[in-house]
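What follows is a set of notes on a single structure, which appears directly below.
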Amino acid sequence: MKIIYGSVAALLTTMLVVFAADPKPRSSYAGTWRWSFTMPDGTQVEPKLKLKEVDGKATGTSSFRAGTETPVTNLTVQGDQVAFDVVRERDGHKIITHYSGQLSGETITGRIQSNWNGEGQTYPWEALRFAGVEGTWKWTNDFGRFRGESRLRLKPEGHKLTGKLTAFRREQDIHGGRFVNEEVSFYTVTEWEGERYTNHFSGTLAGDMIEGKAEINLLGRLRTNDWTAYRAE
């Protein structure tokens, strides 16, 4: 019986009966924010700010590029006012950059104050919340005694989507991924005892949610279920 249950669990990792996870209300400031900025030396950078709420407290990280992520400090959110500091080192000197702005929908507008070149400078700041399909998405699978969370990492390349689907600690590639006019679609392939089974996912992106259908091929029996995935990051 243990062998049978283990085999069934392995099969169900990709033959997913899909249920919506209970979403937590997103804080008005939570999300990934991006903007373009010209450094005093003329270098063009596109910083990224990730804000979220953990146990009722605002936290965040900032980065200029991959591998430069650092926690923000002195983060405050009061009504629609957001402020924080980013502390970095350059040539042995501590650089403190202070951000402050007003949150309005998907935009934070304000100013940046920094001692990047050794003296205080002030620059305009406008950050936009990144709400595309790129990122990590999650939902809950329920097979009775087999219950767990699926996580889907998506990366757009034009209209093409690539990514990984992880369920029950197993990871597989997605295939045929497309993202056109807010419509998301892809499929996964499972091999079982010499047979190949294809599962199709399709839905519409709406902010931090993808809502649609999943067509599951369970050992040759097709089932269509509602599919709702929520942004995990």
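Here are some notes:
- Segment 214-230 versus segment 153-201: alpha-carbon centroid distance in Å: 13 Å
- Taking the average, over residues, of other Cβ atoms within 10 Å as the packing measure, peptides 174-181, 197-204, 217-224 rank 197-204, 174-181, 217-224 from highest down.
All of the numbers you see were taken from the coordinates with simple rules; none came from a lab. These numbers were taken from a predicted model, which means no experiment stands behind them. Cβ: placed from backbone, ideal geometry, glycine included. Neighbour counts: every protein chain shown.
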